[in-house]
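As structure tokens, the structure follows; a few thoughts come after it.
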Amino acid sequence: MNPIYVVTDVEVDGPTPGENSMLSFASVAVDEQAQEVDEFEAVLDRLDGATSDAITMAWFRSQPEVLAAATLNPKPASDVITLFVNWVRMLPGYPVFVAHPISLDGPWLDFYLRKFAGIRLLKGPWVGERLFYEGGMCLRSYASGKLGWPLSKCDPEHYPPEWMGYQPHSHCAIDDARGYAKLLATLMTRS
């Protein structure tokens, strides 16, 4: 089977999975020909017992449209994760998790997958099922290597808008996932 890249962005109400909640996330699947295949988007109920980080929420309050997008019509996290797992498993290829950076989005998805589906995001030395192939892909690191740029320059504000499909980096999960998917496609097709 060929790889299918699941480019994912999360929006959260604090820095720590479990102590804080993932408010929303979105994924865009891209095949190895750099073509978009499908999308997944969800808004989740906050975790029982979790709190919202004051600094994070102050930023959200300064961006009311972003807060609205991340909190409108939330669904139970267990239902969302079940739908997401089924969506990933139906993709036409072996799924590779991609995030910009993986160190932010990856731990959140891993926490929610373990909590609500009993599986891991990525493969490791432990026994158990994983949803994605091997170690995943850090899009920021891939951009740095592909472009020869320092990692600190690999940020949406520095990429030419056309590389991200003119998709604004709005901090709405689906907007950002679409932009990052376009960035991945751009980098995949660059020589």
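All conditions but one from (1) of a type in the set (Phe, Trp, Tyr); (2) out of contact with any helix residue (DSSP H, G or I) (no Cβ under 9 Å at 6 or more places or on another chain); (3) over 18 Å from Phe84 (Cα atoms) apply to Tyr142; the one that does not is (2).
Given the structure, is Tyr133 aromatic (Phe, Trp, Tyr) and within 21 Å of Pro92 (Cα to Cα)? Let's see the steps before the verdict.
On the way: aromatic (Phe, Trp, Tyr): yes; within 21 Å of Pro92 (Cα to Cα): yes.
So Tyr133 fits the description; yes.
Quick check on region 119-176: of everything there that is outside any helix (DSSP H, G or I) and of a type in the set (Gly, Ala, Ser), which residue is modelled with the lowest pLDDT? The selected residue is Gly124. Would you pick out the residues in region 96-116 that are aliphatic (A, V, I, L, M) and either under 20 Å from His171 (Cα atoms) or outside any helix (DSSP H, G or I) (or both)? If the condition is that a residue be aliphatic (A, V, I, L, M) and either under 20 Å from His171 (Cα atoms) or outside any helix (DSSP H, G or I) (or both), then Val96, Val98, Ala99, Ile102, Leu104, Leu109 are the ones that fit. Here is the figure for region 129-152: residues that are in contact with a Gly (Cβ under 8 Å, 6 or more places away or on another chain) and among the small types (Gly, Ala, Ser) total 1.
If a residue must be of a type in the set (Ser, Thr, Tyr) and in contact with a Lys or Arg (Cβ under 8 Å, 6 or more places away or on another chain), how many such residues does region 81-106 contain?
Just the residues of region 81-106 that are of a type in the set (Ser, Thr, Tyr), to begin with: 82, 94, 103.
Restricting the remaining residues to those that are in contact with a Lys or Arg (Cβ under 8 Å, 6 or more places away or on another chain) gives none.
Count: 0.
Looking across region 1-19 at every residue that is of a type in the set (D, E, K, R) and assigned to a loop (DSSP other than H, G, I, E, B), the one that is farthest from Tyr180 (Cα to Cα) is identified as Glu19. All told, Ala99 falls short of being buried (at least 16 other Cβ atoms within 10 Å of the Cβ), of a type in the set (Gly, Ala, Ser) and in contact with a His (Cβ under 9 Å, 6 or more places away or on another chain).
If a residue must be within 15 Å of Tyr112 (Cα to Cα) and in contact (Cβ under 8 Å) with a residue 24 or more places away in the chain, how many such residues does region 42-73 contain? Please lay out each step first, then the result.
Just the residues of region 42-73 that are within 15 Å of Tyr112 (Cα to Cα), to begin with: 42-50.
Next, only the ones that are in contact (Cβ under 8 Å) with a residue 24 or more places away in the chain stay: 42-47, 50.
Count: 7.
With the requirement that a residue be surrounded by fewer than 19 Cβ atoms within 10 Å (Cβ to Cβ) and either modelled with pLDDT under 95 or among the small types (Gly, Ala, Ser) (or both), what does region 36-55 give you? Correct list: Gly49, Ala50, Ser52, Ala54.
Looking at Ser78, is it in contact with a helix residue (DSSP H, G or I) (Cβ under 7 Å, 6 or more places away or on another chain), outside any strand (DSSP E or B) and surrounded by fewer than 21 Cβ atoms within 10 Å (Cβ to Cβ)? Yes; evaluated as a whole, the condition is true for this residue.
The values are calculated or read from the model by the stated rules, or taken from the named source; none is laboratory data. What you are looking at is a predicted structure, and each value in this text was computed from that prediction instead of being measured. Note that we place each Cβ from the backbone using ideal geometry, even for glycine, and neighbour counts take in every protein chain shown.
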